[in-house]
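Quick notes on the structure that follows.
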Amino acid sequence: WVDLLGLGGHRQREIRGQFTDELSNIGGNAALNGLGVDQTPNMLANQSTEEIRVSTLTVPARGIVMHPSPTQESMVAWRSPINGHVTISGLVADSDGNCGNGVAWRVELLTEVDTAKIAEGIIDNGGEERFQPASEYPVKQGDVVSLIVNPREGNHACDTTHIALTLTEVASEGARDVTSEIRKWDLASDTVDRIGDGNPLSDAYGHADTWHFGAIDAVAQTTSPLVPGSTLERWRAGVMDAQPAEELSRLAEMVKHTLIVQDDSSLSEADRKLREQLLDWKGPLHWVAVAAALA
């Protein structure tokens, strides 16, 4: 149970693959600078108020673009400086629509115990997609939100991608009617003028090491094994969000009912999948190993 729920150990997520080399005066443009390698992967920031064209790619005014390599995904990561809730929104848009097959992208929330994919998509050559999941996400200091651009099918040709990422603090219930600043972290506003000052960069509020740019191997990412939408996933989310004990007990009873009910026709599709997963002798609860130990 501990391994399945991911509640047995706590560690701050490490952000790996950060770019260490600076790129400057790209294409002879003093306002176009970045991090990474001359070819790929890399990221560029346009510090001017006009779009900049270099060869076949276009970098929007005051914008940031990323380019993966055939084997590495480009990534920007925000490390939470707060304990609270945030909403997440952004943009992924092709900045070089002259060739290639577009990109795949995803947004992940990495906590002390697991990785949750909160948005994902594919944009074709010349396309764009905005994202704004409806949920409010609980974050603790040290949790990470990553926006990742993947070389779709390993084809990185013309994959320069304009990205935007904004995280907005949600006031707690007790403070919703109180006039106070709601903090917002906007990737471009926070970092465009300071590319070259280091990696990671602080945010606009002075929190160190908030914004990170880098690349990670383009391999399958580890995600939670819990069935999405199931009562067990909801119970775990309640624990992580410090829900009242009464609500956690109610959800626990629902999980119990899911496992012991004789007729599963009344269960949701997610809970039927959960029941099948948890009762599988070779599933994540390792019933075969338990039986062998008791023999």
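The values are calculated or read from the model by the stated rules, or taken from the named source; none is laboratory data. Everything numeric here is computed off the predicted structure, so don't read it as measured data. In this analysis, Cβ positions are derived from the backbone assuming ideal geometry, glycine residues included, and neighbour counts consider all displayed protein chains.
Numbers below:
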item	result
Close pairs (6 angstrom Cβ cut-off, 6 or more residues apart or separate chains): more than 18 Å from L187 (Cα to Cα) in segment 101-116, surrounded by 21 or more Cβ atoms within 10 Å (Cβ to Cβ) and small (G, A, S) anywhere	none
Subset of segment 56-71 that is of a type in the set (S, T, N, Q) and touching a strand residue (DSSP E or B) at 6+ places or on another chain (Cβ under 9 Å) - its residue that is farthest from D96 (Cα to Cα)	T71
Qualifying positions in segment 273-286 - outside any loop (DSSP other than H, G, I, E, B), out of contact with any helix residue (DSSP H, G or I) (no Cβ under 8 Å at 6 or more places or on another chain) and surrounded by 14 or more Cβ atoms within 10 Å (Cβ to Cβ)	K273, Q277
Some residue of segment 131-145 being within 22 Å of Q39 (Cβ to Cβ), touching a helix residue (DSSP H, G or I) at 6+ places or on another chain (Cβ under 8 Å), outside any loop (DSSP other than H, G, I, E, B) and assigned by TED's automatic domain parsing to the domain that holds M75	no
Residues that are modelled with pLDDT under 95 and surrounded by fewer than 18 Cβ atoms within 10 Å (Cβ to Cβ), drawn from segment 86-99	N98, C99
Members of segment 255-272 found to be free of Cβ contacts under 8 Å to residues at least 40 places away in the same chain, assigned to a helix (DSSP H, G or I) and surrounded by 17 or more Cβ atoms within 10 Å (Cβ to Cβ), listed by number	V255, T258
Candidate set: segment 100-152, residues that are touching an Asp or Glu at 6+ places or on another chain (Cβ under 6 Å) and among the hydroxyl-bearing types (S, T, Y); chosen: the one surrounded by the fewest Cβ atoms within 10 Å (Cβ to Cβ)	T115
Pair list, Cβ < 6 Å and 6+ apart or interchain, from segment 10-36 residues that are touching a residue at least 60 places away in the same chain (Cβ under 8 Å) and part of a strand (DSSP E or B) to residues that are exposed (fewer than 14 other Cβ atoms within 10 Å of the Cβ) and not charged (D, E, K, R)	N33/S24
A77 touching an Asp or Glu at 6+ places or on another chain (Cβ under 6 Å) and aliphatic (A, V, I, L, M)	no
Residue, surrounded by the most Cβ atoms within 10 Å (Cβ to Cβ), within segment 230-254, restricted to residues that are under 23 Å from V139 (Cβ atoms) and among the acidic types (D, E)	E233
Qualifying residue in segment 198-215 (condition: assigned to a helix (DSSP H, G or I) and either modelled with pLDDT under 90 or in contact with a strand residue (DSSP E or B) (Cβ under 9 Å, 6 or more places away or on another chain) (or both))	no
Residue match in segment 111-123 (condition: more than 28 Å from R183 (Cα to Cα) and modelled with pLDDT of 95 or more)	yes
Residues being part of a loop (DSSP other than H, G, I, E, B) and among the hydroxyl-bearing types (S, T, Y) - total across segment 157-172	2
Criterion violated by V170 - all others in (1) aliphatic (A, V, I, L, M); (2) within 23 Å of V239 (Cα to Cα); (3) surrounded by 18 or more Cβ atoms within 10 Å (Cβ to Cβ) satisfied	(3)
Qualifying positions in segment 64-85 - closer than 17 Å to L23 by Cα and surrounded by fewer than 21 Cβ atoms within 10 Å (Cβ to Cβ)	S69
